[in-house]
Structures are given as C-alpha cells and as structure tokens.
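Contents: one structure, followed by commentary.
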Amino acid sequence: MGREWLFSLIPLTIGSVFLAFGVYGLRRASLIRRKGVTARARIVRHKTSRGDEGATYYHPVAAWTARDGRACEYESQFGRGSVGGAFRVGANVTVRYDPDQPDRFAIEGWDTKTVALLFTGLGSLVTVGTVTVLLVRLLTL
C-alpha cells in the first residue's frame, strides 16, 4: 500500500476533531437540560468578536441571581451576526444554568444545539468514510 495511506490521516484527524467538538456540545446541552435550573436574567451588554473574514459577532452577556444568592454574569459562548429585539441590551430572558457551575448556562432562544449536531454529523461522516476507505484499501491489496 505504500505511504499514500498516510494522507488519509488528514481527513481522519479532521473528522475526529469535529466529532469530539460535537459530542462535547451535545453532552453540555444534555447536562444543562437534565441538571439545570431556570432563572430570569437580563442582557446587560454584548461582547463582540471578529470572525476570520472580518464579520462581527455579538455574544450577549446575561446577568441573574442564582438560587443560592450569588450574582452571576456570563457571556454566551454563541455569537450571531445580528441581535434581535428579544436579545437587545436590557431585555429580560430566561437562562438555564448548572447550579454547581453557573458559567455553564444557556439562554433560551439564543443558544441552540444545532451547531453541536452539525459538528457531530459531519465528524461522524468524515471519520466513518475515511475508515471505510482505509479498510477497503487494506482488504483489496
């Protein structure tokens, strides 16, 4: 088979990394859904970040009081190119957070598991496809 099979390590690595990110996101969402508690929060500001192509992404920063009385203020891990009226500064939103680690939270209507599902699907497809090609090449030599 020679050394050409080494090139298949590239898509295998990319697929595995995508799969790992996707599974992490789905596990995080599942944990928040199972163990999380809800609280009323207020969007206090938006943290901005720049994408590779220069696009601006807005990450809402939500503030709420946890059940134990702690003041919490955390930035969403998901950014979007625009902010709708429901997520403007001063808007009241519902957050679901892990009481043991309040920085693990999701803003209802903003944070979705779509990105995690996409990464999981793409990672699975690329990883399984690469392994299949490798196995076929090994068995047909």
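Things to note:
- In percent, rounded to a whole number, the relative contact order of segment 10-139 is 36, using alpha-carbon pairs under 8 Å and six or more apart.
- In terms of accessible area, using a 1.4 Å probe and ignoring ligands and nucleic acids, ASP100, ASP111 rank largest first as ASP100, ASP111.
- When the convex hull of its Cα atoms is viewed from all sides, segment 81-131 shows a mean projected area of 5.6 nm².
- Unit charges at the beta carbon, dipole of segment 9-141: most positive-side option, THR140, PRO102, LEU117: PRO102
- Note that segment 83-93 has calculated 3J(HN,Hα) couplings of 10, x, x, 5, 10, 6, 4, x, 6, 8, 9 Hz, one per residue in order, obtained from phi through the Karplus relation 6.51 cos²θ - 1.76 cosθ + 1.60 (θ = phi - 60°); glycine and proline are x.
- Once all protein chains are placed together, THR130 keeps about 10 Å² accessible to a 1.4 angstrom probe.
- Quotient of Cα Rg and 2.2 N^0.38 Å for segment 1-84, N being how many residues it contains: 1.63
- Amide proton proximity set for ALA91, modelled H, under 5 Å, gap of 5+: ILE43
- GluC sites (Glu not before Pro) restricted to segment 64-141 and DSSP loop, no more than 15 other C-beta within 10 Å: GLU108
- Karplus-derived 3J(HN,Hα) values for segment 30-43, using 6.51 cos²θ - 1.76 cosθ + 1.60 with θ = phi - 60°, are 5, 4, 5, 5, 6, 9, x, 10, 9, 8, 7, 10, 10, 6 Hz; glycine and proline are entered as x.
- Identified option (computed volume of the Cα convex hull per residue in Å³; candidates (1) 126; (2) 136; (3) 166): (1)
- Dipole of segment 15-141, positive direction: furthest Cα of THR56, ALA39, VAL23, with charges on the beta-carbon: ALA39
The values are calculated or read from the model by the stated rules, or taken from the named source; none is laboratory data. Treat the numbers as computed from the prediction; the structure is a model and nothing was measured. Backbone-built Cβ (ideal geometry, glycine too); neighbour counts: all protein chains shown. The protein model used for the area step is the full one, side chains on, heavy atoms only, and it has no ligands, DNA or RNA in it. Shrake-Rupley method; radii C 1.70, N 1.55, O 1.52, S 1.80 Å.
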